[in-house]
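Shown next, in structure tokens, is the structure this report addresses.
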Amino acid sequence: MIRSVVKILVFTAATAVVFAPTAARADGFFIPFGGVNFGNAPVEGNHANWGFSAGAMGNGIIGGEFDFGWAPNIFEESVPNHVLTATGNLIVGIPVGGQRGAGIRPYVVGGVGYVGARQDASPGFAALNSNDFGFDLGGGVMGFFADHVGLRGDLRYFRAVSSDLFDSDADPELRLSNLDFWRASIGLVIR
């Protein structure tokens, strides 16, 4: 299991590096965020999440980011549970007002990476322990007050794809899992 997690994290980091811009005028950013997760079963209702995104935009338009999200108690059960996401993403946005000073940057984002879910066993429910390949798609707006500080509003869809892609004892099979959810978040942009 640990070997699979390490492989997924290495794949995610490599994806973020590949998508990262190489232009000397890259616009780097770090965004700690908080928000809510919601969606269909098994994620019912609204559940808090937090995490961070870090990356860069080459010439302010195309870039890459690494996104880490943590959602404790995302399932309705009263037993301890969580979902962890780590994705490398391509981000495309247009800076309105330029790359410096006040302005906004609407963007779309998508990528691949790791979706892990854990839940302790409870009466009527088996324990859940999945380490899946997954993807995310979404968009949002970054608004800047000055050269280095702003806010980001973000909405993303996450979906786990398969639990046997990194299992050397099985033939890899791509299939959508039942674990999918939306994440809405607000974050502080530091660039």
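Bear in mind that the values in this text are calculations on the coordinates, not laboratory data. Note that the structure is a prediction, hence the values are computed from the model and not measured. When we count neighbours, we look across all protein chains shown, and the Cβ atoms used for this are built from the backbone with ideal geometry, even at glycine.
Key figures
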read-out: Residue exposure sequence - Phe135, Phe30 - by fewest surrounding Cβ within 10 Å; value: Phe30, Phe135
read-out: Length released on extending from Val149 to Ala127, taking residue separation times 0.36 nm less the Cα-Cα span; value: 3.7 nm
read-out: Approximate spin-label separation His82-Ile62, in nm, with each point projected 7 Å along Cα-to-Cβ; value: 3.6
read-out: Cα-projected label distance for Asn73 with Asn178, points at 7 Å along beta-carbon direction, nm; value: 2.3
